[in-house]
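Have a look at the structure below, then the notes.
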Amino acid sequence: MMVLSYSANAQDNPYELPDPLKMEDGRTVRTKRQWIKERRPELMEMLRSQMFGREPGQAPDLHFAVLEESPEAFGGLATRKQVKISFDKEEKYYLTLLMYIPNDRKGPVPAFLGANFKGNHATTTDPYVMLPPPDKVATFAPGYQIEERNTNGHRWEYEYILKHGYAVATFCYNDVDPDFHDGFHNGVHKLMDGDKPRNGESWATISAWAWGLSRCLDFLETQKEIDAKKVAVIGHSRLGKTSLWAGATDQRFALVISNDSGCSGAAIARRKHGETLEVINRNFPHWFCDNYKAYNGREEKMPWDQHELIAMIAPRPVYVASASEDDWADPVGEYFSLVGAASVYNLFGYEGITDRNVPEIEHPVVVGRMGHHIRRGEHNVRLYDWQQYISFADRFLK
Ligand code: GCU
């Protein structure tokens, strides 16, 4: 018998989810047009003002410089590019994107884009990947140490991805906004907001990381080797919360993947299983806007829930993955956000995941434009996850 280390009981905390197709004024959404013109904007407004904050527009002076390029990556499998994506004229604010493009290609290729935790060099054995520059390291989270190469390589199965015909690109999230609370002076907020006073709806750190993903997509749009209409945005854990928000705010992302995003990502907040709002807002006060804190311990008062964040991706393909030992992220709640968003996919003529029995471990499910699996094991990204993401992406991006 299979032992699940999470509670498989969908109702271990009885809750009622808000209906994504019910307008605030009580009307029911019946058409795609009404969703696009009325309900989606209403929900985006809610998510912006109550959760992630209002993201700014374009950077004042977005420009790109290829710092290094070689067609010899991984024994000639791929072309590597390392690119400085600058947000201002003085290049005080920038990120460094690491990109691999498969050499065996007939035309522009689809791509995966995601942020990483420990620096580009930590995602691979490739010895030519540059270390984070000293000015960046100085601003990274306190205690951040340049680690050896490849410490997070298991999360980035580059050769596997490239052999399946996809390009892949990543940057260190610290480049955009270091992951600690310093009053929003250490990252792009300073550039974009200047001295503008902050309020309850001001954008916070997850929103900044998502904004960084959009700037990378701006760059990918300039690359003739890349089919920028086929870019999947991916993220793990806090960066999975980020990929969902990037997919919501930037509809150019063709497909969205949440890997173990948990609380304030894919997991239904009202279940209060594993991490809760109170805990996340206490431990990471810089991730969400201040208004979000009003829902600490009052999840049932939220006028939305996380299935509606998933619904923001519709009708684009969305994949939610969990890990069996990752009770903190509430795999059951992550699954139920797909079920809760299915009605919105239906509106667009696609089936969705509606089975109220949580799938077994390592039984991936794809219905219409929704995908899901629970990998056996710990909170992480592994080859098994990438195998599912590639086969899901093959349906839509090939
Ligand atoms: C903590 C946090 C989670 C987050 C995770 C991660 O566990 O509580 O919300 O997803 O870190 O980013 O690894």
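The values are calculated or read from the model by the stated rules, or taken from the named source; none is laboratory data. If you're wondering where the values come from, they're calculated on a predicted model, not measured in any experiment. Please note: Cβ atoms are built from the backbone with ideal geometry, for glycine as well, and neighbour counts cover all protein chains shown. Keep in mind that these areas ignore ligands, DNA and RNA; they rest on the heavy atoms of the full protein, side chains included. Shrake-Rupley method; radii C 1.70, N 1.55, O 1.52, S 1.80 Å.
Residue pairs whose Cβ atoms lie under 6 Å apart, separated by 6 or more positions or on different chains, with the first residue in segment 142-161 and open to solvent by 60 Å² or more (accessible area, probe 1.4 Å) and the second of a type outside the set (Phe, Trp, Tyr) and outside any loop (DSSP other than H, G, I, E, B), are GLU147/ALA122; ARG149/HIS121. Just checking, does segment 226-236 include any residue being under 17 Å from ALA65 (Cα atoms), away from the ligand (no atom under 16 Å from the Cβ) and of a type in the set (Asp, Glu)? No, every residue in segment 226-236 fails to be under 17 Å from ALA65 (Cα atoms), away from the ligand (no atom under 16 Å from the Cβ) and of a type in the set (Asp, Glu).
Among the residues of this structure, ASP355 does not count as one that is in a helix (DSSP H, G or I) and either surrounded by fewer than 15 Cβ atoms within 10 Å (Cβ to Cβ) or β-branched (Val, Ile, Thr) (or both).
Residue-by-condition table, conditions (1) closer than 29 Å to VAL381 by Cβ; (2) among the hydroxyl-bearing types (Ser, Thr, Tyr); (3) open to solvent by less than 50 Å² (accessible area, probe 1.4 Å):
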position: ARG27; (1), (2), (3): no, no, no
position: LYS37; (1), (2), (3): no, no, no
position: LEU47; (1), (2), (3): yes, no, yes
position: MET51; (1), (2), (3): yes, no, yes
position: GLN58; (1), (2), (3): no, no, no
position: GLY76; (1), (2), (3): yes, no, yes
position: LYS81; (1), (2), (3): yes, no, yes
position: SER86; (1), (2), (3): yes, yes, yes
position: TYR94; (1), (2), (3): yes, yes, yes
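Within segment 210-231, residues that are farther than 21 Å from PHE52 by Cβ and aliphatic (A, V, I, L, M) reach no partner that is modelled with pLDDT under 95 and open to solvent by 10 Å² or more (accessible area, probe 1.4 Å) with beta carbons closer than 9 Å at six or more positions or on different chains.
Working only within segment 124-161, note down all residues that are hydroxyl-bearing (Ser, Thr, Tyr) and assigned to a loop (DSSP other than H, G, I, E, B). Result: THR124, THR125, TYR128, THR139, TYR144, THR151. If you go through segment 266-286 and keep only what is open to solvent by less than 10 Å² (accessible area, probe 1.4 Å), within 13 Å of PRO331 (Cα to Cα) and near the ligand (Cβ under 7 Å from one of its atoms), you end up with nothing. Say whether the condition of being at pLDDT 95 or above and under 30 Å from THR28 (Cβ atoms) is met by at least one residue in segment 321-328. No: segment 321-328 contains no residue that is at pLDDT 95 or above and under 30 Å from THR28 (Cβ atoms).
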